[in-house]
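K.L.:
Take this structure first; my questions come after.
The values are calculated or read from the model by the stated rules, or taken from the named source; none is laboratory data. Source: prediction; values computed, not measured. Please note: Cβ atoms are built from the backbone with ideal geometry, for glycine as well, and neighbour counts cover all protein chains shown. These accessible areas exclude ligands, DNA and RNA; they are computed on the full protein's heavy atoms, side chains included. Shrake-Rupley method; radii C 1.70, N 1.55, O 1.52, S 1.80 Å.
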Amino acid sequence: MKDILTLIKDRDPGEKEFYQAVEEVGESVLPVLDRNPQYRQEAVLERIVEPERIIIFRVPWMDDQGQVQVNRGFRIQMNSAIGPYKGGLRFHPSVNLSILKFLAFEQVFKNALTTLAMGGGKGGSDFDPKGKSDNEVMRFCQSFMSELFRHIGPNTDVPAGDIGVGAREIGYLFGMYKKLRNEFTGVLTGKSLGWGGSLIRPEATGYGSVYFAAEMLATRNETLEDKTCLVSGSGNVSQYTVEKIIELGGKVVTLSDSSGYIYDEEGIDAGKLDFVKRLKNIKRGRISEYIDKYSEAVYTEADTSLDHNPLWDHKADCAFPSATENEINEKDGMNLMKNGVKLVCEGANMPSAPEAINIFLDKKILYAPGKASNAGGVAVSGLEMAQNSMRLSWPAEEVDQRLKMIMKNIHQTCLDAASEYDKPGNYMAGANIAGFTKVVNAMLDQGLL
Ligand code: NDP
Ligand code: 2IT
């Protein structure tokens, strides 16, 4: 393990998020390598940490003032052992190679856990859609796709949304792909319903995360009924996490964005959630505006000088971090325990720092790693690809039923793999072991590539 980390640190200096993701998976799968000497002989770890292909490109576009702007575009084609590369595009100023490589690496194992035929990839740009007009976003997306189109395709690489990429961006990206290729195919997922999208795709990540939480609670004969929940973020994943928690009888008391968070002790009910959806998806406003409408809530501005995030310092039973990576540090992890949290279910990718994860594992709370609990999004993307190939669309109930089954299966797969390696109840170990084993076996079957 030390060798692998030294290898990537020497080769890829400064990619700290990527090291973090590799270290977590690497440590979990050491017993798998010990039990299967062939894996070491075939250097599977060395192969799996090296992307099959990385594409980096210039994205020039013109803003509304007629000024030329230049951003950087990326696509990491990480692993295609079990299917075409599949994974989202992130548009956020923090995007760099390290972040996209960690996301692509996680995606490989996540996609394997869904049981659908999808390899792993991730892409995006340091473009910030915040504060841009629809026309600026369109011009950016068109420029981005004018390079990306030659590297993707429905049987090659199928991007989707992630932070900063939702239905609007997918629409502009799809339009440009179609024009350049003169082809109407399922090259992107998360499309709108009228032109190839799947019902339940917008809901899938959040719903799936809550289905996973419900499965974990069931192992302790509990449900979400009357549980107080902390949710971070207020975007796609957070909104549908809240919707499903409310449906299952739980109470959500927090939501956030990068500027701050709201605490609503009475709970965010269906009406308040509708307000948040309109605020975020249509008005593209800030979560602080919640208290203008609901004065019973309290807004706290984000303060980077603090050593913790006060959102995680409230009495609660469950936490659903659903904003971004490393949003729960060691202190936040300790605060969650102090406040009685017994379940942490990751909607975001890698939201918990390693020190926080160690606390959760130590305390034996129910802890779900994102690559298992947020896999519902990409799973329904896989179902969107299937529907596109058949040129038909399934009703919402059917997609939701399949999503539920997939999440139930992932939950069981994690528990089974964890037990097999003497780590009962450790969903992190289980997810890493099961995902890794599936991908590695496929790689070995296909020869040295
Ligand atoms: P959205 O863009 O819809 O929402 C992101 C939310 O997180 C916003 O509230 C945003 O606030 C906040 N946020 C983003 N970056 C930061 C930051 N650096 N610090 C604080 N807050 C931040 O994205 P999604 O809901 O789609 O994605 C959320 C997470 O879920 C990500 O980790 C993503 O990788 C993961 N995920 C998404 C899936 C999907 O299907 N969409 C599937 C699986 C995982 P602000 O508006 O201020 O930027
Ligand atoms: O992180 C993720 O799994 C996503 N952003 C969804 C990817 C997808 O292809 O639907």
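K.L.:
Looking only at the stretch 117-145, how many residues end up being surrounded by fewer than 24 Cβ atoms within 10 Å (Cβ to Cβ) and in a helix (DSSP H, G or I)?
P.N.:
Residues meeting the conditions: 8.
K.L.:
Another question about this same structure. For the stretch 267-349, give me every one of the helices (runs of 4 or more DSSP H) that falls completely inside it and has 3 or more residues that are away from ligand 1 (no atom under 13 Å from the Cβ) and within 18 Å of G206 (Cα to Cα).
P.N.:
Of the helices (runs of 4 or more DSSP H) lying wholly inside the stretch 267-349, those with at least 3 residues that are away from ligand 1 (no atom under 13 Å from the Cβ) and within 18 Å of G206 (Cα to Cα) span 270-277.
K.L.:
Among the residues of the stretch 146-161, how many are open to solvent by less than 10 Å² (accessible area, probe 1.4 Å) and more than 8 Å from ligand 2 (Cβ to nearest atom)?
P.N.:
So the answer is 4.
K.L.:
Further, regarding this structure: All but one of (1) open to solvent by 20 Å² or more (accessible area, probe 1.4 Å); (2) touching a residue at least 12 places away in the same chain (Cβ under 8 Å); (3) more than 22 Å from K342 (Cα to Cα); (4) under 23 Å from the mean Cα position of the chain (by Cα) hold for F436; state the number of the condition that does not hold.
P.N.:
(1)
K.L.:
Report, by residue number, each residue of the stretch 162-192 that is within 16 Å of ligand 2 (Cβ to nearest atom) and open to solvent by 60 Å² or more (accessible area, probe 1.4 Å).
P.N.:
Correct list: A167 only.
K.L.:
Check off (1) in contact (Cβ under 8 Å) with a residue 40 or more places away in the chain; (2) touching a strand residue (DSSP E or B) at 6+ places or on another chain (Cβ under 7 Å) for V187 and give me the number that stays unchecked.
P.N.:
(1)
K.L.:
Of all residues in the stretch 135-175, count the ones that are within 16 Å of ligand 1 (Cβ to nearest atom) and either polar (S, T, N, Q) or more than 19 Å from G197 (Cβ to Cβ) (or both).
P.N.:
Of the residues in the stretch 135-175, 2 are within 16 Å of ligand 1 (Cβ to nearest atom) and either polar (S, T, N, Q) or more than 19 Å from G197 (Cβ to Cβ) (or both).
K.L.:
Among the residues of the stretch 297-304, is any without any contact (Cβ under 8 Å) to a residue 60 or more places away in the chain, touching a Leu at 6+ places or on another chain (Cβ under 7 Å) and open to solvent by 30 Å² or more (accessible area, probe 1.4 Å)?
P.N.:
no
K.L.:
Of all residues in the stretch 325-383, how many are open to solvent by less than 30 Å² (accessible area, probe 1.4 Å) and among the acidic types (D, E)?
P.N.:
So the count comes out to 4.
K.L.:
Being touching an Asp or Glu at 6+ places or on another chain (Cβ under 9 Å) and part of a loop (DSSP other than H, G, I, E, B) is the filter; apply it to the stretch 50-80 and report the residue that is most open to solvent (accessible area, probe 1.4 Å).
P.N.:
D64
K.L.:
Starting from the stretch 309-338, keep only residues that are under 24 Å from G208 (Cα atoms), then list their pairs with residues that are among the aromatic types (F, W, Y) and open to solvent by 10 Å² or more (accessible area, probe 1.4 Å) whose Cβ atoms are within a distance under 9 Å, requiring at least 6 positions of separation or different chains.
P.N.:
Filtered contacts from the stretch 309-338: L311/Y261; L311/Y263.
K.L.:
Just to verify a result, which residue in the stretch 201-234, among those that are in contact with a Gly (Cβ under 6 Å, 6 or more places away or on another chain) and away from ligand 2 (no atom under 16 Å from the Cβ), is most open to solvent (accessible area, probe 1.4 Å)?
P.N.:
Taking the candidates together, the pick is E225.
K.L.:
Any idea which residue in the stretch 350-364 is farthest from ligand 1 (Cβ to nearest atom), counting only those that are part of a loop (DSSP other than H, G, I, E, B) and closer than 20 Å to R90 by Cβ?
P.N.:
Out of the qualifying residues, it is A353.
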